[in-house]
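Heads up: the structure comes next, in structure tokens.
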Amino acid sequence: MKRLLSMFLAFVLALAVLSPTAYADYGLEAFNNDQLRDLYDCVRLEMKSRGLKLQQDITLREGKYIVGDDILPGTYTLKCTETTGDTYDGLYSSLGDLYGGSDSPLGGLIGSLGGMMSDIINTKIEIIGDYGTVLKSYELKAGESVQLTLSENTALQIVDGTCVLTAE
């Protein structure tokens, strides 16, 4: 029984070692750069025709993302999932509730301020070109979306929020 088990484990180990190399070798190193780009374009078109997503949805937090390095060029839908104003809204409302429990008029004022935060602070989206030039700019509230076409040598900057990027 031990011998059978050890043979089975040796077989599984050999299979695990050989499998990635057996499936990963398509002979792509024989292609020159132009041929490889053409093949890539053909694969993208075929995936689109089959209705397959070219990439997974990406959650983007506040920051700058370089198109071509961090994000593939293409057409996307960018949906705002949360703004900094929403976060402040919850914080100020909770603080207002805390002060409201102590019979202070300050509680209502702070709670009202919290209710305004999601209206005042929106997520700012900028498409940035050469030398920091802003090519396009959008402001979104949570739940709103915009369709973007991103090209190489640009950047996508998100300020005061979190968004989800979905490939078209």
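The values are calculated or read from the model by the stated rules, or taken from the named source; none is laboratory data. Just so it is clear, the structure is predicted and the values come from calculations on it, not from any experiment. FYI the Cβ positions are ideal-geometry reconstructions off the backbone, even for glycines, and counts take in every protein chain you see. In case anyone asks, the SASA skips ligands and DNA or RNA and just uses the protein heavy atoms, side chains included. Shrake-Rupley method; radii C 1.70, N 1.55, O 1.52, S 1.80 Å.
Brief remarks on what is shown
- Test: residue in segment 60-77 that is closer than 22 Å to Ile128 by Cβ, among the aliphatic types (A, V, I, L, M) and assigned to a loop (DSSP other than H, G, I, E, B): yes
- Consider segment 49-61 and keep the residues that are modelled with pLDDT of 80 or more and of a type in the set (D, E, K, R). The one that is surrounded by the fewest Cβ atoms within 10 Å (Cβ to Cβ) is Arg50.
- Checking every residue in segment 8-23 against the condition of being part of a helix (DSSP H, G or I), out of contact with any Lys or Arg (no Cβ under 6 Å at 6 or more places or on another chain), open to solvent by 100 Å² or more (accessible area, probe 1.4 Å) and modelled with pLDDT of 70 or more gives zero matches.
- Any chance Lys64 is surrounded by 10 or more Cβ atoms within 10 Å (Cβ to Cβ), touching a residue at least 24 places away in the same chain (Cβ under 8 Å) and closer than 22 Å to Thr123 by Cβ: yes
- Cβ-Cβ distances below 6 Å connect the following pairs, each with a first residue in segment 138-150 that is open to solvent by 20 Å² or more (accessible area, probe 1.4 Å), a second residue that is in a loop (DSSP other than H, G, I, E, B), and a separation of six or more residues or different chains: Glu139/Asn122; Lys141/Asn122.
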